[in-house]
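Here's the structure, in structure tokens; my notes come after.
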Amino acid sequence: MAVRSMKLFRKQHGFKGTEGLIEPQKEIYNFILEEGGVTPEKISKLFELTLQETMNQLAILRHCELVKERKLGDEMYIVPFDS
């Protein structure tokens, strides 16, 4: 339901890609694109966020269908949605 609501909101406002995101969300998203995949812990360290703050920002990016989680080996990675 959260994804559907976010998609409807973004469509109504004409947002595409990172439009409508705040600067830290854009920076996190661009970092994920550059790396191709990264753990939430690495994002937390790099952006000096608590793990909970990181997870909150990632939830927004997931609801916008910009990123998704993928298990690689024993760890969960955040990867671009289209990968």
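Using only alpha carbon pairs under 8 Å that are at least six residues apart, calculate the relative contact order of the chain and give it in whole percent. Could the numbers behind the result be given before it?
Values: 78 pairs, mean separation 26.8, N = 83.
Here the relative contact order equals 32 percent.
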Using modelled backbone amide H atoms (1.01 Å from N, in-plane), which distant-in-sequence or interchain residues come within less than 5 Å of Lys68's amide H? Val79, Phe81
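Between Leu46 and Asp74, what FRET efficiency comes out of the Förster formula 1/(1 + (r/R0)^6) with R0 = 22 Å and r the beta carbon distance, rounded to 0.05?
Numbers: r = 21 Å, r/R0 = 0.96.
The pair Asp74/Leu46 has a calculated efficiency of 0.55.
Taking all protein chains as present, what is the carbon and sulfur share of the accessible area of the chain, in % to the nearest whole number, probe 1.4 Å?
Values: 2880 of 5530 Å².
The nonpolar share, carbon plus sulfur, comes to 52 percent.
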In nanometres, what is the gap between the two model label sites at Phe9 and Lys26, each 7 Å from Cα along Cα-to-Cβ? 1.8
Rounded accessible area per residue of the chain, 1.4 Å, Å²: 67
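Placing unit charges on C-beta atoms (Lys and Arg positive, Asp and Glu negative, everything else neutral), compute the dipole magnitude of the stretch 7-83 about its Cα centre in debye, rounded to 20. Don't skip to the end; give the middle numbers.
Working: 11 positive and 13 negative charges, 86 e Å.
The calculated dipole for the stretch 7-83 is roughly 420 debye.
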Given the options Leu66, Leu49, Leu33, which has the most mean-square fluctuation in a GNM of the chain, springs set between C-alpha atoms less than 10 angstrom apart? Leu49
Compactness summary of the chain: radius of gyration and Dmax from Cα atoms, Å, are 12.5, 39
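The values are calculated or read from the model by the stated rules, or taken from the named source; none is laboratory data. Remember, it's a predicted structure, so these values are computed and weren't measured experimentally. Here Cβ is always computed from backbone atoms with ideal geometry, including for glycine, and neighbour counts include all displayed protein chains. Calculation scope for accessible area: heavy atoms of the full protein, side chains included, ligands and nucleic acids excluded. Shrake-Rupley method; radii C 1.70, N 1.55, O 1.52, S 1.80 Å.
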